[in-house]
Amino acid sequence: MTDRIVALKLFSRVARTGSFSRAGREKGLSQPSVSRIVANLEREVGAVLLVRTTRSLSLTEAGADYLQRIEPILLELEEADHAARGTGELRGSLRVGLSPSFAIREVIPRLPEFMAQHPALKIDLSMDDQRQDLIGEDVDLALRLGALADSTATARRIGSNPRVLAASPAYLERAGIPSSPAELARHAVIGGAAGKLPGSWSFEKDGRLVSVAVTSALTINSNEGAVAAAVAGLGLVSTGYWGSRQELEDGRLVPVLADWRREPVELNAVYAAGRGAKPAARLFTDFLIKALNSGRRPSSKQMSPGG
């Protein structure tokens, strides 16, 4: 039975990635070994599940139906193993997709606590500013800031990231402090990442909504770069509080127009389409909800280079 489960898991990854080689690398097996295991599975099932050509790999109709039926079973087996242990301890692996800035600033400093609770769990962080293909890249959980695209994927709200407009003290001393959104037109604005320029920014105060056209002479495609540029005095940056917390707290950045409200950025946990959330993904989501919404910060010991 164990060999059959291994074969089912391999078939699922081959089908999702479209590659024997990639599935093999993920599982530590050679391409010929994966091909042989899947071929043996097809003989046991009595049906051709994959169409193989020199350039591509695709599911047959029977293969697509088979994949849809076995993936919930594989997830149920993992659930059963977790329940049978009765300790709440997680095993296996958890692959999380998230942006580098959010990972470095908010998630990695909190990992020691979670990993201490689940020492048998292996965690793989896939850090990328581009949103990952959850199924193709075998991501169990994606942490996504901002609006979600229409999808059959399951999403769970973790919290809201307040949107911040900020600049360095040196820049504000040189250029002046804007007292209203209308004054932003004469200021340097840093575009990119969380501060992507939609053409206008919206502000709300006392029930009054104001939209201001903005342009940028400097665009940077990562939050870390945009925040660093603001610290260097190159202009105003629009980012999330989580992406600039440290700079705001130590005074390298100063909030601007703080009495004007802007729409916060939602953070969601997203699970792959057609698949339920594995126990590790659910519990890690629970952990982040509690940590981020309690205002609990990583300890200075955890944050220091020697900690």
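The values are calculated or read from the model by the stated rules, or taken from the named source; none is laboratory data. Just so it is clear, the model here is predicted, and its values are computed rather than measured. Cβ atoms come from the backbone with ideal geometry, glycine included; neighbour counts cover every protein chain shown.
Being farther than 26 Å from Gln132 by Cβ, at pLDDT 90 or above and among the charged types (D, E, K, R): is that true of Arg36 here? Spelling it out, Arg36 is indeed farther than 26 Å from Gln132 by Cβ, at pLDDT 90 or above and among the charged types (D, E, K, R).
Selection of region 1-33 for residues being polar (S, T, N, Q) and either closer than 22 Å to Leu134 by Cα or buried (at least 21 other Cβ atoms within 10 Å of the Cβ) (or both) yields Ser12, Thr17, Ser19, Ser21. Checking each residue in region 145-174 for being at pLDDT below 95 and either assigned to a loop (DSSP other than H, G, I, E, B) or small (Gly, Ala, Ser) (or both) picks out Gly146, Ala147, Leu148, Ala149, Asp150, Ser151, Thr152, Ala153, Ala155, Gly159, Ser160, Pro162. The lone criterion from (1) closer than 30 Å to Arg25 by Cα; (2) at pLDDT 90 or above; (3) polar (S, T, N, Q) left unmet by Thr239 is number (1). Each residue in region 91-116 was checked for being assigned to a strand (DSSP E or B) and either without any contact (Cβ under 8 Å) to a residue 12 or more places away in the chain or not hydroxyl-bearing (Ser, Thr, Tyr) (or both), and 6 of them qualify.
For region 243-278, a residue qualifies if it is crowded, with 22+ Cβ neighbours inside 10 Å and assigned to a helix (DSSP H, G or I), and exactly one does: Gly243.
Within region 214-230, can you find the residues that are of a type in the set (Val, Ile, Thr) and more than 23 Å from Ala182 (Cα to Cα)? Once the filter is applied, which keeps residues that are of a type in the set (Val, Ile, Thr) and more than 23 Å from Ala182 (Cα to Cα), region 214-230 yields only Ile220.
Of the residues in region 203-241, how many are out of contact with any Asp or Glu (no Cβ under 7 Å at 6 or more places or on another chain) and part of a strand (DSSP E or B)? Adding up the residues that qualify gives 15.
Within region 34-55, if we keep just the residues that are surrounded by 15 or more Cβ atoms within 10 Å (Cβ to Cβ) and touching a residue at least 24 places away in the same chain (Cβ under 8 Å), the residue that is nearest to the chain's Cα centre (by Cα) turns out to be Val34. Just wondering, is there one or more residues in region 167-188 that are within 30 Å of the chain's Cα centre (by Cα) and free of Cβ contacts under 8 Å to residues at least 40 places away in the same chain? Checked region 167-188: no residue is within 30 Å of the chain's Cα centre (by Cα) and free of Cβ contacts under 8 Å to residues at least 40 places away in the same chain. Mind checking which residues of region 35-49 are among the β-branched types (Val, Ile, Thr) and either part of a helix (DSSP H, G or I) or at positive phi (or both)? Listed by number, the residues that qualify are Ile37, Val38, Val45.
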